[in-house]
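Here is the structure we will look at.
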Amino acid sequence: MREASTSPDEMDHLFRRESGRMVATVTRVFGVHNLALAEDVVQDAFCRALEVWSIRGVPENPSAWLVATAKNRALDALRRERTARDFAPELGRLLHSEWTLAPTLDELFDDGAIKDAMLRMMFSCCHPRLGEDAQVALVLHILCGFSVAEIASAFVCGHAAVEKRITRAKKVLAGSRQLFDVSAPADFSARLPAVQRALYLLFNEGYHGASSEFAVREELCQEAMRLTSTLLEHATGATPSTYALAALMSLNAARLPGRLSPSGNLNSLFDQDRSLWDRSLIADGIALLDLSATGDVLTEYHVEAAIASVHAAARTAQDTNWVEIVSLYDTLMAIRPSPIVALNRAIAIGQAEGPERGLEELTAIEGGERFKDYPFYSAALAEFELRRGKRHVARERFLAALAVARNPIERRFLEQRVGACEAGGS
Amino acid sequence: MSEFVFLYRGGNRPTSPEEGQQVMQKWMAWFKDLAAKGHVVDRGQPLERGGKLVQAGTKAVTDGPFAEAKDVIGGYTLVKAADISEAAELAKGCPVLDRGGQVEVRPVMKLGV
């Protein structure tokens, strides 16, 4: 027991990381109808670890200790409850006999089996009876170990609303006969798009979300990336579209370090210090993008990753190949149109063809009324007005954006832009 | 220098894994600081919540004690300090206090002083 030998990296979010792995594994053993018991068992195991380590210090391989503790607690619960409850139906006999109980658990708590359980849980959380919001919340709660309060704060959402969503989602999950079987290729492929979508939304919540806590948002991005790499480790999960999803996450996450100035202010893509971008993540992203370029299906993830790679390749905002970006957004509008995609396309057109064209495209966006609570539509109009010299109009637009800013970081950013209209700078 | 026992009582359980980890990291930081200043004699041990009670006379063995959660001793540490007020001062940094718990500071009794 020497805490000095445990590196800070190894400890980084260790409990959260292991909690997801253990809840998935214990649920695999107990059966999904016993999800609540599985959660209790894992929580109990983690509280014990916490109490012992607080006083004795953290052991050399804390992750292995957490797994062993969770396994022993699960074993206790199985022995205590096996006459009163049915556990995972497909494991029934093995769990009932003392001869096979311990060896079965040893196998199910082996690293490969834990990853398998994670995937089963990931696919189970993306149940077709659940809405996308509920799927994302459930993934965060069960697989990433976020409490209701932590999810509510990350999504800037009421505690009661999140609690209700999760309670309902768990009921749906616990009502399914068993965890999703990831070994049946046809079922796997049918559910895969929903899983990819949930991971994409989780990443986006971190990347573009409303939370004012930048650290929290970075964590959401990291969680999404971690789960995506679990998906990539599975033979059927490593499809071109999953590679594209992983590529877009790496390429966008690479820019995270440039988005906040040292004083905690938001930097737009145009004035970020690009030397802060994470070169190794960019290299990972490009390699993943290459791996995604097989087969004949072009997904929105491919296109978004390609857009991110064009940004990553540009040394300055002026050097960016905006014509290429416009054409990629055209493709994206054809595959998966949305007001946000249209907004980004219009901004790219303004960069490629001048502010007048940008304004034209912005005002032509259909469904634009959905932007009334989204500050960056008015802000985009304002930037182009400012660029064509209409300071007063630009200022009005920035003020309109400021009125719907969602957090202090956005507010400071927009105030600074309002100031730029007044000062005569850009 | 005299020796003192810190008895950790109560303290709410964390509500999420992340919070649990933060609590543990606070304990580690606190111990690190105590040890660096030479106050730790023995880090001590955490204790299970329940055990047995052996009664006088009949020597009957029963389950227990069933103290209220806030009074349950969760563990102990042996420290040394100049006097009881310094020991109490050291205990003020204990993370159990952040979670509604208490630290009981008890001097180890000495003979012949």
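The values are calculated or read from the model by the stated rules, or taken from the named source; none is laboratory data. Owing to the predicted nature of the structure, the values given are computational and were not obtained by experimental measurement. Counting neighbours? That spans all protein chains shown, and the Cβs are built from the backbone with ideal geometry, glycine included.
Would you point out the residue of region A:105-159, among those that are without any contact (Cβ under 8 Å) to a residue 24 or more places away in the chain, over 18 Å from the mean Cα position of the chain (by Cα) and outside any helix (DSSP H, G or I), that is surrounded by the most Cβ atoms within 10 Å (Cβ to Cβ)?
Restricting to residues being without any contact (Cβ under 8 Å) to a residue 24 or more places away in the chain, over 18 Å from the mean Cα position of the chain (by Cα) and outside any helix (DSSP H, G or I), the top hit is A:Asp110.
If a residue counts only when it is in contact with a Cys (Cβ under 9 Å, 6 or more places away or on another chain), which helices (runs of 4 or more DSSP H) contained entirely in region A:284-368 have at least 1 such residues?
By residue number, no helices (runs of 4 or more DSSP H) qualify.
Just name the residue that is nearest to the other protein chains (Cβ to nearest Cβ) out of those in region B:71-88 that are outside any strand (DSSP E or B) and closer than 25 Å to B:Gln21 by Cα.
It comes out as B:Val72.
Taking region B:27-42, which residues are under 15 Å from the mean Cα position of the chain (by Cα) and either more than 7 Å from chain A (Cβ to nearest Cβ) or among the basic types (Lys, Arg) (or both)?
Those that are under 15 Å from the mean Cα position of the chain (by Cα) and either more than 7 Å from chain A (Cβ to nearest Cβ) or among the basic types (Lys, Arg) (or both): B:Trp30, B:Phe31, B:Leu34, B:His39, B:Val40, B:Val41, B:Asp42.
What are the residues in region A:18-38 that are buried (at least 21 other Cβ atoms within 10 Å of the Cβ), over 16 Å from A:Leu95 (Cα atoms) and more than 9 Å from chain B (Cβ to nearest Cβ), if any?
A:Arg21, A:Met22, A:Val23, A:Ala24, A:Leu35, listed by residue number.
Run A:Thr100 past the list (1) assigned to a helix (DSSP H, G or I); (2) buried (at least 18 other Cβ atoms within 10 Å of the Cβ); (3) in contact with a helix residue (DSSP H, G or I) (Cβ under 6 Å, 6 or more places away or on another chain) and report the number of the one that doesn't hold.
(2)
Let me spell it out: the conditions are (1) buried (at least 18 other Cβ atoms within 10 Å of the Cβ); (2) more than 8 Å from chain B (Cβ to nearest Cβ); (3) in contact (Cβ under 8 Å) with a residue 40 or more places away in the chain; (4) under 29 Å from the mean Cα position of the chain (by Cα), and A:Phe15 meets all of them except one. Which number is the exception?
It is condition (2) that A:Phe15 fails.
Restricting to region A:203-236, and then to whatever is crowded, with 17+ Cβ neighbours inside 10 Å and acidic (Asp, Glu), can you tell me which residue is modelled with the highest pLDDT?
A:Glu223
Any residue that is closer than 15 Å to A:Ala305 by Cα and without any contact (Cβ under 8 Å) to a residue 24 or more places away in the chain - is there at least one of those in region A:225-241?
no
Any chance you could count how many residues in region A:397-411 are in contact (Cβ under 8 Å) with a residue 12 or more places away in the chain, in a helix (DSSP H, G or I) and surrounded by 16 or more Cβ atoms within 10 Å (Cβ to Cβ)?
The total comes to 8.
Identify, from the list A:Asp111, A:Asp106, A:Asp40, A:Asp86, the residue that is of a type in the set (D, E, K, R) and within 30 Å of B:Cys94 (Cα to Cα).
Going through A:Asp111, A:Asp106, A:Asp40, A:Asp86 in turn, the sole match is A:Asp40.
Take the residues in region A:125-171 that are within 23 Å of A:Leu14 (Cβ to Cβ) and among the hydroxyl-bearing types (Ser, Thr, Tyr); name whichever of them is farthest from the other protein chains (Cβ to nearest Cβ).
Among those that are within 23 Å of A:Leu14 (Cβ to Cβ) and among the hydroxyl-bearing types (Ser, Thr, Tyr), it is A:Ser153.
Please enumerate the residues belonging to region A:39-88 that are of a type in the set (A, V, I, L, M, F, W, C), outside any helix (DSSP H, G or I) and facing chain B (nearest Cβ under 10 Å).
Scanning region A:39-88 gives a single hit, A:Val58.
Inside region A:228-262, can you point out the residues that are more than 26 Å from A:Ala186 (Cα to Cα), small (Gly, Ala, Ser) and assigned to a loop (DSSP other than H, G, I, E, B)?
Matches in region A:228-262: A:Ala254, A:Ser261.
I'm trying to understand the selection: among the residues of region B:89-105, which are closer than 16 Å to B:Met1 by Cβ and part of a strand (DSSP E or B)?
Passing the criteria: only B:Val105.
Report, by residue number, each residue of region B:1-17 that is at the interface with chain A (Cβ under 10 Å from one of its Cβ atoms) and more than 15 Å from B:Pro95 (Cβ to Cβ).
B:Thr15, B:Ser16, B:Pro17
Right, A:Val195: of a type in the set (A, V, I, L, M) and crowded, with 18+ Cβ neighbours inside 10 Å or not? Lay out the reasoning, then the answer.
Values: of a type in the set (A, V, I, L, M): yes; crowded, with 18+ Cβ neighbours inside 10 Å: yes.
Considered against the rule, which asks whether it is of a type in the set (A, V, I, L, M) and crowded, with 18+ Cβ neighbours inside 10 Å, A:Val195 comes out as yes.
To keep it simple, each residue is scored yes or no on (1) surrounded by fewer than 20 Cβ atoms within 10 Å (Cβ to Cβ); (2) of a type in the set (A, V, I, L, M, F, W, C); (3) in contact with a Phe, Trp or Tyr (Cβ under 7 Å, 6 or more places away or on another chain).
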site: A:Ala169; (1), (2), (3): no, yes, no
site: A:Val172; (1), (2), (3): yes, yes, no
site: A:Arg177; (1), (2), (3): yes, no, no
site: A:Leu201; (1), (2), (3): yes, yes, no
